[in-house]
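Since the structure comes first, as structure tokens, the remarks are kept for the end.
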Amino acid sequence: MNAFDQYEVWFVTGAQLLYGGDAVIAVDAHSNEIVKGLNESRNLPVKIVYKGTVNSAKEVTAAFKAANNEEKCIGIITWMHTFSPAKMWIHGLQELRKPLLHFHTQFNKEIPWNTMDMDFMNLNQSAHGDREFGHMVTRMRKNRKVVVGHWQDAEAQAKIATWMRVSAAWADAQDMLIIRFGDQMNNVAVTDGDKVSAEQVLGYHVDYYPIADLVAEQDKVTDADIAGLVTKYEKEYEFAPNCKEGGKDRNQVIEAAREEIALRRFLKGKGAKAFTTNFDDLKGLDQLPGLACQRLMAEGYGFGAEGDWKTAALFRTMWFMGQGLPKGCSFLEDYTLNFDGKKSAILQAHMLEVCPLISESKPKMEVHPLGIGGKNDPARLVFTSKQGEGVAATIVDLGNRFRLIVNKVDCIKSKPLPKLPVASALWIPRPSFETGAAAWILAGGTHHTSFSYDLTVEYLEDYAEMAGIEIMVIDENTTISDFKKELRMNEIYYLLNKALC
Ligand code: MN
């Protein structure tokens, strides 16, 4: 089953009745053909449903109200076949709460130079109808994505596909429950924030549960449950000698499996999609649940260490967008710098919790002591990441708003770390180590990130539009002086924005 089968995107065509009955019939036929063509292109992850042509304010409002109330509908695509006077869209746009994509396309690909007459002109007026519509959306300060291109063009379809994946993740976030075991790591600022605002702006809900509840779940795990899971581990991973049956740390693998089963059951039982842990709050657990966090991330559970619920949520959202894409995503932390001229890079790792989806080869099960947390030696999957381009993202709370920060990075070949047996990646931020890291720090970015190889900046831009939050992008075009100007301008923009709307 396709991960997005449960969703629909609605296609609404704008027109008016000025051109007569024949035009109405033609508009409808063309819209049906476009929607059929888009669905049959196999380039779109979500099914499009044609919801008819709207010719009046009443029809627009009815269509948008229905979209709001249909859970399966994750967004609306609008297209103006003829001229569609935009005052008729005002009330509907006031109602609309689903993500909006305005598709500036045209039924015919090329101008029929020799046969085009005034009737043809009146019927095929996207060139100015879409501008009239766009004006009203802009005037009403409604966020949306504008995609320009012929509907059979693969590049235009790819932009729609991106928006669909983001719309699905946006829908997923609206009932996302994030469970926190423990609070923030004491005194840490950047991973904290306003959970009430997060629910208003980003949709998800953050709840606390005592670690004792997880311990109680753990007590119900049977030896047979554990044996089944450890067999699975043995199929999926290489095993260090001390982790194999009869090895001196075999029991630590067994205890890690117990924690994983308990954690999964607990999250499922509560209907949670993400969670956080805190190494200072593990009373009753044998070890820091590193392996469990790694494997649950790979299943799509959002994770943030040390109480970092914002990164847990963002990971879930980015994982959701990227379902079915090949290269993977992970929670990561800026660990250590490697100054090496043009190849200066940042080692990405964590105490244990890195998602095996980004591994370049079969991960290795290992058990080693961990100096922090005061618990028994934890099991973990050790690997280095794939190489290639990706995006690192974070959301910070600036007190009056959320800011999404995105950095394009290039993962390069990491070296073995015989004395630091954790999973890791090694990346060079764009446009360079120095500028990328400076811009990230100027933007107030975290040391924790949600990273993906499969997503591009476009996905996160679409997400920021839907959420109505600020986005700061650091890529190959970033210069520090322009970046600082944008930060200063945004301070003013977000102060004034509410007053203008
Ligand atoms: Mn951390």
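List of remarks:
- For LEU282, the test of being outside any strand (DSSP E or B) and within 16 Å of the ligand (Cβ to nearest atom) is passed.
- From the list GLY304, GLY290, the one residue that fits, being in contact (Cβ under 8 Å) with a residue 40 or more places away in the chain, within 13 Å of the ligand (Cβ to nearest atom) and more than 27 Å from GLU458 (Cα to Cα), is GLY290.
- Within the range 337-383, the set of residues being surrounded by fewer than 22 Cβ atoms within 10 Å (Cβ to Cβ), within 26 Å of the chain's Cα centre (by Cα) and either among the charged types (D, E, K, R) or within 16 Å of the ligand (Cβ to nearest atom) (or both) comprises LEU347, MET351, GLU360, LYS362.
- Test result for VAL206, surrounded by 12 or more Cβ atoms within 10 Å (Cβ to Cβ) and more than 29 Å from the chain's Cα centre (by Cα): no
- Residue in the range 464-482 that is part of a strand (DSSP E or B) and not hydrophobic (A, V, I, L, M, F, W, C) present: yes
- Against the list (1) within 16 Å of ILE178 (Cβ to Cβ); (2) more than 15 Å from the ligand (Cβ to nearest atom); (3) hydrophobic (A, V, I, L, M, F, W, C), the condition MET297 fails is (2).
- Residue identified as within 16 Å of the ligand (Cβ to nearest atom), touching a residue at least 40 places away in the same chain (Cβ under 8 Å) and within 23 Å of the chain's Cα centre (by Cα) among ALA437, ALA423: ALA423
- Odd one out for PRO112 among (1) over 31 Å from the mean Cα position of the chain (by Cα); (2) in contact (Cβ under 8 Å) with a residue 40 or more places away in the chain; (3) farther than 25 Å from ASN497 by Cα: (2)
- Enumerated helices (runs of 4 or more DSSP H) restricted to the range 150-252, each holding at least 2 residues that are away from the ligand (no atom under 16 Å from the Cβ) and among the polar types (S, T, N, Q): 154-173, 195-201
- Segments classed as strands (runs of 3 or more DSSP E), wholly inside the range 334-402, with at least 2 members that are farther than 13 Å from TRP427 by Cβ: 364-367, 379-382, 388-397
Here, each number is a calculation from the coordinates, and none is a lab measurement. All values derive from a computational prediction rather than experimental measurement. Virtual Cβ from ideal backbone geometry, glycine too; neighbours counted across all protein chains shown.
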